[in-house]
Amino acid sequence: MILSPSILAGDFTKLGETIDMINKSEADWIHLDVMDGVFVPNISFGFPVIKNIASIAKKPLDAHLMIVDPDRYIGKLHEMGVEYVSVHYEACNHLHRTLQNIQSMGMKAGVALNPHTPASNLEYILEYSDFILVMSVNPGFGGQSFIDNSLRKISEIKEMAIKKGLNTLVEVDGGVNLKNSVLLKDAGTDIIVVGSTITSSANPIDTISKLKAI
Ligand code: DX5
Ligand code: ZN
């Protein structure tokens, strides 16, 4: 599976060291959690921080926008070199247009689903999505416990994609650890986002290797 470490649970006074660590590790992407305090009950970081990260990151940037009206910022993310952008199904009134906007700039567009949003809501949008981000916790905070029925949702999305002849990637975000990663792989997950399991481990580089070995 592709591994996209989330920096959210890391120490922001040592952000450069965290990015260096990810650069040197076997991780594939860097996951950036952008929160606006409106769509989710928390505020994380914004564009000046992303710009600094982009200047030292050696891996593709994967921006997860937990914000209302994300279209306002898509051009800015593109300018900063972000390659993957996911927007929430629940935050977009014109989701199809938003995905097209992301793709028109050459970036890959993902649809993020909150835990309560069923896979069946993707029926008319899956073919326009490069990837689906299944939230396995309620978005807003790192360090929460994995919601088990996310596994069923992943299988349902993979099945729907196969039926439609698509090879849409499924990314899973929230409460991912060394144990449930095995189940996530079996369910068909293509990309795992891992925050606190990496940042709170004694040896993050080694934890990344272990996750990549699954
Ligand atoms: C939650 C974020 C996640 C979070 C994952 O709103 O979208 O990316 O940082 O952190 P862990 O792995 O600690 O659940
Ligand atoms: Zn995220």
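Quick notes
- The slack in the chain from residue 23 to residue 79, taken as 0.36 nm per residue of separation less the alpha-carbon distance, amounts to 18.1 nm.
- Cβ-Cβ FRET estimate between residue 15 and residue 210, R0 fixed at 30 Å, reported to 0.05: 0.80
- Every helix of 4 or more DSSP H residues in the chain counts as -39500 (n - 2.57), and over all residues that averages to -9000 deg cm²/dmol at 222 nm.
- Formal net charge of residues neighbouring residue 154 (Cβ-Cβ distance under 13 Å; K, R +1; D, E -1): -3
- One decimal place: the segment residue 51-residue 200 gains 51.1 nm when fully extended, by the rule 0.36 nm per residue minus the C-alpha distance.
- Cα shape, the chain, gyration tensor, a/c 1.5 rule: oblate
- Each Cα pair under 8 Å and six or more residues apart adds its separation to the average, and for the chain the resulting relative contact order is 23 percent.
- FRET efficiency, residue 144 to residue 183 (Cβ-Cβ, R0 22 Å, nearest 0.05): 0.80
- Residue pairs, from the table 58/108; 58/185; 58/164; 24/153; 59/153; 59/164, whose Cα atoms sit over 24 Å apart: 58/185; 58/164; 24/153; 59/153; 59/164
- For a label point 7 Å along the Cα-to-beta-carbon line of residue 121, residues of segment 23-47 with backbone N under 19 Å: 34-42
- Set of segment 181-213 residues, backbone N closer than 18 Å to the point 7 Å along the Cα-Cβ line of residue 162: 183-191
- By DSSP, the beta bridges lying fully in segment 1-141 are antiparallel in about 5 percent of cases.
- Neighbour cut-off at most 15 other Cβ (10 Å), DSSP loop, GluC sites (Glu not before Pro), segment 41-145: 83, 123
- Accessible-area order (highest first, 1.4 angstrom probe) of the listed residues 205, 43: 43, 205
- Inter-part distance where segment 6-46 and segment 81-160 are each reduced to a Cα centre, Å: 19 Å
- Legend: residues 148, 62, sorted from most to least accessible area (1.4 Å probe; ligands, DNA and RNA excluded), read 148, 62.
- Of all accessible heavy-atom area on the chain, the percent that carbon and sulfur account for (1.4 Å): 51 percent
- Accessible surface, per residue, of the chain when the full set of protein chains is kept, probe 1.4 Å, Å²: 45 Å²
The values are calculated or read from the model by the stated rules, or taken from the named source; none is laboratory data. No experiment lies behind these values; they were computed from the predicted model shown. In this analysis, Cβ positions are derived from the backbone assuming ideal geometry, glycine residues included, and neighbour counts consider all displayed protein chains. Accessible surface areas use protein heavy atoms only, side chains included; no ligands, DNA or RNA. Shrake-Rupley method; radii C 1.70, N 1.55, O 1.52, S 1.80 Å.
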